[in-house]
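Quick notes on the structure that follows.
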Amino acid sequence: MADPPIWLVLGASSSVARSFIRLVAAEGGEVILAGRDLADLEASAADARLRGAAAEVRPFDAVDLASHALFVAALPDRPLNVLLAFGLMHPQAALDGNPELADQVIRVNYQGAVSILARLEPLLTAAGQGAVVVLSSVAGDRGRPSNFVYGSAKAGLNAYLQGLRARLARHGVSVTTVKAGFMDTAMSYGLPGMFLVASPDSAAKACFQAARKKRNILYFPFFWWLIMAIIKAIPEGVFKRLKL
Amino acid sequence: MREAAAEPGWRRDVFSGWGRLARAEMLAARPERASELAGILAAAGSEGIIVHAGGRSYGDSALNAGGRAILTRRLDRLLAFDPASGLLVAEAGVRFEDLRRVLLPRGFLAPVTPGTAFATLGGAIAHDVHGKNQDRAGNFGAHVEWLDLMLPSGELRRLTPADRLFRATVGGLGLTGVILALALRMMPVPSRFVTVRERRVADLDAFLGALEVERSRAVYSVGWIDAQAGGRALGRGIVEAADPAPAEAGESYAETRGRRFPVDLPGFVLNPLSIAAFNALYWRRVPKDGRERRLAYDRFLYPLDAIADWNRLYGRRGFHQFQALLPEPRAVRALLEACAASRAASFLAVLKTMGREGAGLLSFGGRGHTLALDFPAGRGIDELLGRLERLVLDHGGRVYLAKDSRLSAAGFAAMYPRLPEFREMLAEVDPEGRMRSDLARRLDIRRTA
């Protein structure tokens, strides 16, 4: 039997990615850790190796779009699974009056993600197998005054993933959009108004299982499906008067 | 909903020691990368900062009420392991549980481990912890080849046992800076099991005699003591001795499934009567003629870990832990008599031998017996703990700081003769006093006055 696909983890320093890599390692899998902080990634790679994985580190910068083609060209000629775990969130208050920061949020969460996925698509198609899991957010389900720059970038990403999913499905590749609620990560740590926060370990497990089951859309934790169903159902006329 | 945090990256929360008595509201940062630490230390104002890692110290050593804390649990990666030498390099937030899961299947065990696998390696250095093999293996610090310490100034240093600062950091209660990583010499073991011999002992003389025999022949030895039995039964208990078990062909190993203690028991459940009844039953758990069993390391080393949150057993009020090293056996009798005479009840009382000094200036070690007691919080406990402190002092012993919640500054200074050296070291590496904890204040370790 052919080797199982290598997991390419983009944004491998994030806490969900770290937990995910340990799950891959526990099964003796192979993983490529991609991100900017190479010293940090080397530490995670060493940890993964001691836990049973074959692991290597590659420099990757989501916003350096020009580098993406080369990054993809240098990947090993083997079937891939992809976990896209990079993201950037600033509180809306920090973005107001600071359009450059808003640009950055869009560049990381939307442009960066689309750019790298578009370049990975031919590889995935050619392999005719594999799973793509993208960490997105419930914030993309509806633009709320408290978080709509981030939310709009994730909404764009979610729409892109719908198209990509339909196209790759014909080639035996699954695309899972993980619509995450509040997670206990460095990105959200210390922010006000968090509740029912999920651990990175549990999020990683959900991503791992979603890839295996070739899920399309995963609300995580699951009850966010209900919360977002309600929020989406509110008529715009009412919604604009709510403080959300 | 919580109030907005004053600064991004910091969160205000209430923390407690494992005994749940000491509580502190702190502004905490939780770095995921070592590169964030210097900035975090720089943010420590006059209220100071302390590392809070596994949260398994019983008292106030990882608390800094009104000040700041660094949560290091996410700095938890294994960095290198050489099976030829057994040398492991790991980040300080790694827990003994991680070592057991990853390295025990490869035939290596932590050479010294505390009674819970949920303690971190950094915490093990900061308290220079010991286990059931202290007699032979000494404390944790004796097996550390080097450690990386970030000084309060943000400067990073690699320290070896030859460095004075190493001796201040081992057992240094986190007051010399932030331990980032360490190299630990792991111990090869033939299997994932120990052979445990248990027997009942009827009184203190028999207990001490049995421990004396075991300290010279067994790798691990420990005794559970019925701290409520008085009179002729004073010091009755169960002595356990264990050695690494040889591998057996075809033996399989299954992880024990953890349980969680679901609720805070109402405070009245643990009272002197119920504990006395429990202790009497527990004593009879082991057959009269003793028994020998093969047990997985985790069940032998970490019996309480099988029940998560077991500290809820004591209810919301929490409990005191008390552990002292007693160089003379007659001091054991004196302490037990004081316990039996008081109405306080202890049911996780442990007596074992110690054989070696620790490497640190404030290490808990030396030759003698160590008695560990727990008391549900309540009236009269303070007086009893004060009495025990004086008894320990009178007998030339010392109290273990990782478990302490009540020791006086004067008592502490008398028990730890190398404190002046430690203070000198602190004045050198932390002149501004950035590292602070409730324990350091209580024991006047910095001597601010």
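The values are calculated or read from the model by the stated rules, or taken from the named source; none is laboratory data. Bear in mind that the values here come from a model prediction, so they are computed numbers and not experimental data. Cβ placement follows ideal geometry from the backbone for every residue including glycine, while neighbour counts extend to all protein chains displayed.
Structure data summary
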quantity: Spans of strands (runs of 3 or more DSSP E) in the stretch B:171-253 with at least 3 residues closer than 30 Å to B:D148 by Cβ; calculated: B:178-185
quantity: Out of B:A124, B:A90, sole residue that is modelled with pLDDT of 95 or more, crowded, with 24+ Cβ neighbours inside 10 Å and either within 14 Å of chain A (Cβ to nearest Cβ) or in contact with a Cys (Cβ under 7 Å, 6 or more places away or on another chain) (or both); calculated: B:A90
quantity: Lone qualifier among B:F375, B:F412 - being out of contact with any Asp or Glu (no Cβ under 6 Å at 6 or more places or on another chain), on the phi < 0 side of the Ramachandran plot and assigned to a helix (DSSP H, G or I); calculated: B:F412
quantity: Index of the failed condition, B:I50 passing every other in (1) hydrophobic (A, V, I, L, M, F, W, C); (2) within 8 Å of chain A (Cβ to nearest Cβ); (3) crowded, with 20+ Cβ neighbours inside 10 Å; calculated: (2)
quantity: Residue under evaluation B:R312, criteria (1) loosely packed, with under 12 Cβ neighbours inside 10 Å; (2) in contact (Cβ under 8 Å) with a residue 40 or more places away in the chain, criterion not met; calculated: (1)
quantity: Residues satisfying the stated conditions in the stretch B:209-266, i.e. out of contact with any strand residue (DSSP E or B) (no Cβ under 7 Å at 6 or more places or on another chain) and at positive phi; calculated: B:G231, B:G250
quantity: Residue pairs meeting the criteria (Cβ under 8 Å; at least 6 apart or on separate chains; first at the interface with chain B (Cβ under 9 Å from one of its Cβ atoms), in the stretch A:190-208; second assigned to a helix (DSSP H, G or I) and of a type in the set (S, T, N, Q)); calculated: A:P200/A:S15; A:P200/A:S19
quantity: Failed criterion for B:R12 (all others in (1) modelled with pLDDT under 90; (2) under 27 Å from A:D201 (Cα atoms) hold); calculated: (1)
quantity: Some residue of the stretch A:233-241 being crowded, with 16+ Cβ neighbours inside 10 Å, within 14 Å of chain B (Cβ to nearest Cβ) and not acidic (D, E); calculated: no
quantity: Residue pairs meeting the criteria (Cβ under 8 Å; at least 6 apart or on separate chains; first without any contact (Cβ under 8 Å) to a residue 40 or more places away in the chain, in the stretch A:42-55; second of a type in the set (K, R) and assigned to a helix (DSSP H, G or I)); calculated: A:S44/A:R18; A:D47/A:R22; A:A48/A:R22; A:R51/A:R22; A:A55/A:R49
quantity: Answer residue from the stretch B:420-449, given it is within 30 Å of B:L336 (Cα to Cα) and buried (at least 19 other Cβ atoms within 10 Å of the Cβ) and is nearest to the chain's Cα centre (by Cα) among those; calculated: B:L439
quantity: Of the criteria (1) within 20 Å of B:G171 (Cα to Cα); (2) buried (at least 23 other Cβ atoms within 10 Å of the Cβ), which one B:G131 fails; calculated: (2)
quantity: Enumeration of residues in the stretch A:195-207 that are closer than 20 Å to B:A28 by Cβ, touching a strand residue (DSSP E or B) at 6+ places or on another chain (Cβ under 9 Å) and of a type in the set (A, V, I, L, M, F, W, C); calculated: A:V197, A:A198
quantity: Options B:L37, B:L41; residue that is more than 14 Å from chain A (Cβ to nearest Cβ) and either modelled with pLDDT under 90 or in a helix (DSSP H, G or I) (or both); calculated: B:L41
quantity: Residues (under 18 Å from the mean Cα position of the chain (by Cα) and either at positive phi or more than 10 Å from chain B (Cβ to nearest Cβ) (or both)) located in the stretch A:1-18; calculated: A:I6, A:W7, A:L8, A:V9, A:L10, A:G11, A:A12, A:V16, A:A17
quantity: Residue under evaluation B:R56, criteria (1) touching a Pro at 6+ places or on another chain (Cβ under 9 Å); (2) within 14 Å of chain A (Cβ to nearest Cβ); (3) touching a residue at least 60 places away in the same chain (Cβ under 8 Å), criterion not met; calculated: (2)
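Yes or no, residue by residue, for (1) under 14 Å from the mean Cα position of the chain (by Cα); (2) under 17 Å from A:A85 (Cβ atoms); (3) at pLDDT below 90:
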position: A:R170; (1), (2), (3): no, no, no
position: A:S188; (1), (2), (3): no, yes, yes
position: A:L191; (1), (2), (3): no, no, yes
position: A:S202; (1), (2), (3): no, yes, no
position: A:Q209; (1), (2), (3): no, yes, no
